[in-house]
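The values are calculated or read from the model by the stated rules, or taken from the named source; none is laboratory data. These numbers come from a predicted model, not from an experiment. FYI the Cβ positions are ideal-geometry reconstructions off the backbone, even for glycines, and counts take in every protein chain you see. The protein model used for the area step is the full one, side chains on, heavy atoms only, and it has no ligands, DNA or RNA in it. Shrake-Rupley method; radii C 1.70, N 1.55, O 1.52, S 1.80 Å.
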Amino acid sequence: MDPDLDLEDPDSPRSAALVEEGNAEVARRLGAAADEDRDRLRAIIEDPDKLFACRLRGGFLYDFHRSQAHPRGLWRRVPADVAPAADAPWEAVLDLDALWRETGEEWAWRGPAEAPDGRRALIHLSRDGADVGVSREFDLEAKAFVAGGFETPLCRHDASWDGRDRLLIAAATGEGHATRSGWPRTVRAWDRGAALDAAPVVHAAEEGDIAAGAAREHGEGTLLLHVAHTITESTLLAEDERGRRALPLPRAAAKWANGRFAAWVPREDGDHPAGALVLRSFRGEAFERRLAAPSPRGAVSGVLLSRDWLVAWGHEGLVPWLRALDLSRPEGRLRDLPLPEGATSAGPRWLAAPPWTEGPLGRDARLDVVAEGMLLPPTLLRVDLAEPSALLAPVARAKASFDAADMTASLREAVAPDATAIPYHLALPREAADGPVPVVMTAYGGFDIPATATYARLWGASLLERGIGVAVAHVRGGGEFGPSWHKAALRERRPVAFADAAAVARDLVARGVAPARGVGFVGGSNGGLLACALAVFHPDAFGAIKADVPVTDMLRFHRLTAGAAWIEEYGDPDDPGDAAHLRAWSPLHNVPPRSRVACPPLLIAAPAHDDRVDPSHARKFYRAMREAGQDVLLRTSGSGGHGGGEASDRQAEDAAVEAAFFRLHLAHPRP
């Protein structure tokens, strides 16, 4: 019998006591130091003179902004012929703070989905940053929710338009409509005025799958349906005048499609090698082309498919690239779109939403890209792909949030115990010129998701300007270098990711960048699992560790919230063979007594309303570490979920507490 089962109930006496005691201790030990940064960090988050990466909708440029007056956020717009700026004549469209006052509920912004006519939208709202939320029909002309319009129940869901008066809705509303992981199992065609419960099911996954979904191409064309069988395996289907059919694509592949083409990156060798990017037509004349070959130190990160264009992005040696293909000539030149020198991250999206909007040269093909580096503030670049020779041109650049003069940024490599090179991005403060400085590093190491080196907007002000470096480690288990990099730390090989992160920390000390025990680590979600594992399995490599929303109980994760979806990644605790390796590297089940091993000081942070990684993981690990005599803190915020979107004042508080923790322990490393 698990002695901690009561900690899975947030209202149990022991859970409540741990939360109360933990928060009081955090306030006592870190509160005064956090006060030093809170106001400045909030001012950075709320700065009205920001980078305006707006979306074009129906003749307006839309922006979502948090400010001191609107900490939860304000959706606003200006006419498309007005340059977006702090002093532009912004028109309020939806005020989340007013909605909070009206409903008494904390809502986090998840964005709009426009109706085909462009006059209405579904507004997606998460309840306090959780996975569950609602979508409500909104009139963009009246700037108000539509009385009697579409409104989903509070649940995990996805919804898109299928004409003006129908939604395709995947909603986990109860028995038969949710998978074992708690995500939507069915897609229903929901007509205006009808009850959702009466809406017919048009597509379904199996209960053991993760989720099902569907969307009508451009709101009017081919119906595209999918089933996510696992995190990495899926089936994509298309329905048009010829009926419904599964597209002949590898099951283990990342996939994207429009009404004529499908693109995919296989995870296994087959007709194309794992990691390649392939394009194939499934309507009209047969066509197939390999657009990118796999590379041992590169990867395809993502694909955008509009009716007329394919845009792909990725990196080679962690230097980002961006390419576009005109789908009216799919055999033609794959167009390279050079990015600014020094950029370590680049994210593209269409300027127009939806991207079939008419633009200056026909259907709008203007592409926006935000490029940034650890010390390079984000720059907004734009190109109209309809102009054959056009390149990305800068539109605006974010104001620096900290003084980076005499700071340095570089890409380095550590060597793992099995001799694999583990790269990491490193930004150092000006004090590094005089000798070793503390460094706070982060990594993710799971689910084929890469860690990215983005602008140190808050860390720059709270750490770099205080003489503490920051690093992003690209450990195995993530998606940095294609499928093989991910598979290297799957299931029983998970400790490989732990060893990689520890190797980076030791490399920082060996190079004289950081002093002994002067390296801190912070990671969230699966990165929180990594953080807790480093605390118990590699305690000598770190001076302080922070674990955000961590997974720690590897024998019960599949029974908590969405955990069943992670069995492919970690293993099945109900299988005796998997349970053996899970127990061997489960942080919760390997906490050493302090009399044997002194773990580094640990701060665990978990919002009370996280419905993806259950907060009981944090409570259990805190209890185990404390009973083992280790130096551990637990901070449980009363708001916020796994998906982010917290109000600006709470974001600033979280960042200030984190910085205070690392400054306390790394400025004077433990012996």
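Couple of notes before you dig in:
- Of the residues making up the stretch 306-342, those that are open to solvent by less than 10 Å² (accessible area, probe 1.4 Å) and under 27 Å from Leu426 (Cα atoms) are Ala312, Gly314, Leu322, Leu337.
- Scan the stretch 218-256 for residues that are open to solvent by 30 Å² or more (accessible area, probe 1.4 Å), among the polar types (S, T, N, Q) and either under 16 Å from Asp162 (Cβ atoms) or touching a strand residue (DSSP E or B) at 6+ places or on another chain (Cβ under 8 Å) (or both) and the total you get is 1.
- Meets criteria (more than 28 Å from the chain's Cα centre (by Cα) and surrounded by fewer than 24 Cβ atoms within 10 Å (Cβ to Cβ)) for Ala580: yes
- The selection criterion, being out of contact with any Gly (no Cβ under 6 Å at 6 or more places or on another chain) and over 27 Å from Thr454 (Cβ atoms), holds for Gly332.
- From Val319, Val311, Val278, residue being touching a Lys or Arg at 6+ places or on another chain (Cβ under 8 Å), modelled with pLDDT of 95 or more and farther than 21 Å from Glu233 by Cα: Val311
- In the stretch 296-323, of all residues being of a type outside the set (Asp, Glu) and assigned to a loop (DSSP other than H, G, I, E, B), the one that is farthest from the chain's Cα centre (by Cα) corresponds to Arg307.
- Here Pro417 does not fit the description of being assigned to a strand (DSSP E or B) and either touching a residue at least 24 places away in the same chain (Cβ under 8 Å) or open to solvent by 80 Å² or more (accessible area, probe 1.4 Å) (or both).
- The residues listed here are Glu569, Glu653; of these, the one that is open to solvent by less than 40 Å² (accessible area, probe 1.4 Å), of a type outside the set (A, V, I, L, M) and not in a loop (DSSP other than H, G, I, E, B) is Glu569.
- Failed item, numbered, when Gly259 is tested on (1) open to solvent by 10 Å² or more (accessible area, probe 1.4 Å); (2) within 23 Å of Gly163 (Cβ to Cβ); (3) among the small types (Gly, Ala, Ser); (4) not in a strand (DSSP E or B): (1)
- Test: residue in the stretch 42-63 that is touching a residue at least 24 places away in the same chain (Cβ under 8 Å), charged (D, E, K, R) and assigned to a helix (DSSP H, G or I): yes
- Conditions (1) in contact with a strand residue (DSSP E or B) (Cβ under 6 Å, 6 or more places away or on another chain); (2) crowded, with 22+ Cβ neighbours inside 10 Å; (3) not β-branched (Val, Ile, Thr): number failed by Ala204: (2)
- Index of the failed condition, Glu239 passing every other in (1) free of Cβ contacts under 8 Å to residues at least 60 places away in the same chain; (2) outside any strand (DSSP E or B); (3) under 26 Å from Ile210 (Cα atoms); (4) of a type outside the set (Lys, Arg): (2)
- Tally of residues being hydroxyl-bearing (Ser, Thr, Tyr) and over 26 Å from the mean Cα position of the chain (by Cα) across the stretch 399-432: 2
- Considering residues of the stretch 377-414 that are of a type in the set (S, T, N, Q) and not in a strand (DSSP E or B) only, the residue most open to solvent (accessible area, probe 1.4 Å): Ser389
- Test: Arg38 is open to solvent by less than 50 Å² (accessible area, probe 1.4 Å) and of a type in the set (D, E, K, R): no
- Any hit, the stretch 658-667, residues being farther than 30 Å from Ala108 by Cα, in contact with a helix residue (DSSP H, G or I) (Cβ under 9 Å, 6 or more places away or on another chain) and buried (at least 19 other Cβ atoms within 10 Å of the Cβ): yes
- Residue satisfying condition, being aromatic (Phe, Trp, Tyr), more than 19 Å from Arg188 (Cα to Cα) and at pLDDT 95 or above, within set Trp107, Trp90: Trp90
- Residue match in the stretch 479-497 (condition: in contact (Cβ under 8 Å) with a residue 60 or more places away in the chain and closer than 30 Å to Glu36 by Cα): no
- Per the conditions (1) under 20 Å from Trp459 (Cβ atoms); (2) in contact with a helix residue (DSSP H, G or I) (Cβ under 6 Å, 6 or more places away or on another chain), the sole criterion not satisfied by Val632 is (1).
- Taking the criterion of being part of a strand (DSSP E or B) and either within 22 Å of the chain's Cα centre (by Cα) or farther than 22 Å from Arg260 by Cβ (or both), the residues of the stretch 216-231 that qualify are His226, Val227, Ala228.
- Residue tally, condition surrounded by fewer than 16 Cβ atoms within 10 Å (Cβ to Cβ) and of a type in the set (A, V, I, L, M), over the stretch 177-201: 4
- Checking each residue in the stretch 464-512 for being within 20 Å of the chain's Cα centre (by Cα), open to solvent by less than 10 Å² (accessible area, probe 1.4 Å) and charged (D, E, K, R) picks out only Glu480.
- Check on Pro294, touching a Ser or Thr at 6+ places or on another chain (Cβ under 7 Å), touching a residue at least 40 places away in the same chain (Cβ under 8 Å), surrounded by 18 or more Cβ atoms within 10 Å (Cβ to Cβ) and within 18 Å of Glu480 (Cβ to Cβ): no
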